[in-house]
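The values are calculated or read from the model by the stated rules, or taken from the named source; none is laboratory data. Since the model is a prediction, treat every value here as computed from it, not as a measurement. Keep in mind that these areas ignore ligands, DNA and RNA; they rest on the heavy atoms of the full protein, side chains included. Shrake-Rupley method; radii C 1.70, N 1.55, O 1.52, S 1.80 Å.
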Amino acid sequence: MKRKVTITLEEDLIPRAKRYAASRGVSLSSLIETALDRLTTRPPGGFVDRWQGAFRLSELDDERYRALAAKYL
């Protein structure tokens, strides 16, 4: 069930937010609802907690590794 909520925003933000929403084909209400939903359902913790274990080391014979090593090491 949806309910109306009154929010207060800086005057210059309102037209920019409306243009942003319109450029994406959504209403300002939908844009705000989506943003708040994302903010309140994020996994707990910071960047490290979210990404820890998600990356694996490159093999030493990997072409990308050799290119980066040549450039930075």
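Worth a mention:
- 1.4 Å probe accessible area per residue over the chain, in Å²: 102
- Here the chain exposes an accessible surface that is 57 percent carbon and sulfur, computed with a 1.4 Å probe and the other protein chains kept in place.
- Span per principal axis, largest first, for the Cα atoms of the chain (Å): 58, 26, 22
- For the chain, calculated [θ]222 nm from helices alone, where every DSSP H run of n ≥ 4 adds -39500 (n - 2.57): -15500 deg cm²/dmol
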